[in-house]
Amino acid sequence: MMSVEEALARMLADIQALPTTQVPLPEALELVLAQDIVAQEDIPPFSNSAMDGFALLSSDSQPHAGQSPRLRVTGGVAAGYVADQSVTEGTAMRIMTGAPVPPGADTVIQVELTRSAGPQSDWVEIMQAVPPGNNIRPSGEDMRKEQTVLHKGNAIGAWEIGVLATLGWANVPVIRRPHVAILGTGDEVIDVNEPLRPGKIRNSNSYLLEAAVRLAGAIPHRLGVARDTIESLREKFTEAIQHDLIITSGGVSVGDFDLVKDIMTEQGHVDFWRINMRPGKPVAFGSIGKVPLLGLPGNPVSAAVTFELFGRPVIRKMLGHTRLQRPQVDVVVEDGIDERVMRRHYVRAWVEWRDGRFIARTTGNQGSHITTSLLHANALIIVPEGGVQVQPGESAKAIMLTWPEV
Ligand code: AMP
Ligand code: MG
């Protein structure tokens, strides 16, 4: 049986980043830049004051004979305006934060270090000597014209949005979001708004996967549930192949009604369909037509965990990300894992930082049908192949799914 690492590598080898598009700046959040961003002007575009105060010549701020110099105030300049005159020897201009430094002035003194007769005062006393350049933010100090500020492949967060706005990018070239078809399978599976009837269960997988696909950055399309017949599956797949990726749940094992592999063979190909892991041995990968298909197990916990391990990195690669996997940390498994599993075992756990270490507690019964084992889990502890036991207090690696706030 294939290892988790080989399975993921084979999937990713088959997946390319999607084409580039332009989106309005606010919609670029969490997408990936499709080209380098080069500054077209200096930022700040003009030298400006970092403080409310007075613009003057540094040489005029030196005390003589122990006396604070007194300068004539010739006017003021507010943010958004340009001074209508120069600062000359023996004079100063009132200046606000963000206002352009008037010609002639080489320094700014903050208002707290001056004395005057109030906002209209036509004189100011300079209580402290200030060096040239004091409180002046030179043009180009942040970004230089022609400088490459962001690179193709960078992920766009709120701070990148701010820099793009600063540079005037009202529309941003990005890799477009994948559209993902989500398909449930099984005669037993009914929709959430239906009352339970004998033998039936509600479709939790499609809703869980829809949410997880959206969190991964793609656009989910829930296509309902295919019956356990070739005809029903064929019909659903006709719609599914309109999308960039198809994710199914159920129907990929070895039962009589596990027909997803049959359709893949008929209309595309099966690359592999079993991975040496628990939960989630039956994971199929291949295609329908030219559309990649990820066939996840039916058991809800298996579907959830295998989406995290395979579905999410596949979607991130389509989005153009280069960092595809969640971070791992070393944890101390407080309660231990006594169950011996021959396959690679991913154990749901809550991990938190305590006393200078990451401490993990498992979330109880790890059966692949125990959906409550997913609740209050923010990590997957990785137990290596071969029936390894983890004693209470022993260390292990864990994949962090979310980082808890403190
Ligand atoms: P299968 O792989 O189709 O044999 O399904 C394995 C198990 O997962 C069975 O107990 C199914 O009833 C269950 N299952 C399949 N699809 C879903 C679904 N969409 N939501 C919840 N459970 C499901
Ligand atoms: Mg089934």
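Tabulated data
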{"item": "Some residue of the stretch 327-341 being charged (D, E, K, R), buried (at least 17 other Cβ atoms within 10 Å of the Cβ), assigned to a loop (DSSP other than H, G, I, E, B) and modelled with pLDDT of 95 or more", "result": "no"}
{"item": "Condition check for ARG234: more than 31 Å from the chain's Cα centre (by Cα), basic (Lys, Arg) and at pLDDT 95 or above", "result": "yes"}
{"item": "Count of residues meeting criterion [in contact with a helix residue (DSSP H, G or I) (Cβ under 7 Å, 6 or more places away or on another chain) and either of a type in the set (Val, Ile, Thr) or open to solvent by less than 90 Å² (accessible area, probe 1.4 Å) (or both)] in the stretch 352-366", "result": "3"}
{"item": "Residues located in the stretch 145-197, provided they are in contact with a Ser or Thr (Cβ under 9 Å, 6 or more places away or on another chain) and hydroxyl-bearing (Ser, Thr, Tyr)", "result": "THR185"}
{"item": "Matching strands (runs of 3 or more DSSP E) fully within the stretch 193-291 where at least 3 residues are crowded, with 22+ Cβ neighbours inside 10 Å, within 15 Å of ligand 2 (Cβ to nearest atom) and among the hydroxyl-bearing types (Ser, Thr, Tyr)", "result": "none"}
{"item": "Candidate set: the stretch 238-260, residues that are closer than 22 Å to LEU208 by Cα and away from ligand 1 (no atom under 16 Å from the Cβ); chosen: the one farthest from the chain's Cα centre (by Cα)", "result": "GLU239"}
{"item": "Hits in the stretch 47-90 (condition: touching a residue at least 60 places away in the same chain (Cβ under 8 Å) and under 11 Å from PRO102 (Cβ atoms))", "result": "SER47, ASN48, SER49, PHE54, LEU56"}
{"item": "Tally, over the stretch 1-30, of residues that are aliphatic (A, V, I, L, M) and under 16 Å from GLN325 (Cα atoms)", "result": "9"}
{"item": "Residue in the stretch 387-406 that is within 16 Å of ligand 2 (Cβ to nearest atom), open to solvent by 50 Å² or more (accessible area, probe 1.4 Å) and touching a residue at least 12 places away in the same chain (Cβ under 8 Å) present", "result": "no"}
{"item": "Residue in the stretch 151-168 that is surrounded by 13 or more Cβ atoms within 10 Å (Cβ to Cβ), in contact with a Pro (Cβ under 7 Å, 6 or more places away or on another chain), under 30 Å from ALA39 (Cα atoms) and not aliphatic (A, V, I, L, M) present", "result": "no"}
{"item": "Qualifying residue in the stretch 214-227 (condition: modelled with pLDDT of 95 or more, under 10 Å from LEU183 (Cα atoms) and near ligand 1 (Cβ under 9 Å from one of its atoms))", "result": "yes"}
{"item": "Every residue from the stretch 1-43 that is of a type in the set (Gly, Ala, Ser), touching a helix residue (DSSP H, G or I) at 6+ places or on another chain (Cβ under 7 Å) and either free of Cβ contacts under 8 Å to residues at least 12 places away in the same chain or under 14 Å from LYS317 (Cβ atoms) (or both)", "result": "ALA17"}
{"item": "Breaking point among (1) in contact with a strand residue (DSSP E or B) (Cβ under 6 Å, 6 or more places away or on another chain); (2) within 16 Å of ligand 2 (Cβ to nearest atom); (3) not in a helix (DSSP H, G or I), for HIS345", "result": "(2)"}
{"item": "Conditions (1) closer than 15 Å to SER47 by Cβ; (2) surrounded by 15 or more Cβ atoms within 10 Å (Cβ to Cβ); (3) out of contact with any Asp or Glu (no Cβ under 6 Å at 6 or more places or on another chain): number failed by GLN110", "result": "(1)"}
{"item": "Qualifying positions in the stretch 152-189 - away from ligand 1 (no atom under 16 Å from the Cβ) and assigned to a loop (DSSP other than H, G, I, E, B)", "result": "LYS152, GLY153, ASN154, ILE156, GLY157, LEU167, GLY168, TRP169, ALA170, ARG176, ARG177, PRO178"}
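The values are calculated or read from the model by the stated rules, or taken from the named source; none is laboratory data. If you're wondering where the values come from, they're calculated on a predicted model, not measured in any experiment. Ideal geometry is used to build each Cβ from the backbone, glycine not excepted, and the neighbour counts take in all protein chains shown. Surface areas here come from the heavy atoms of the whole protein model, side chains and all, with no ligands, DNA or RNA. Shrake-Rupley method; radii C 1.70, N 1.55, O 1.52, S 1.80 Å.
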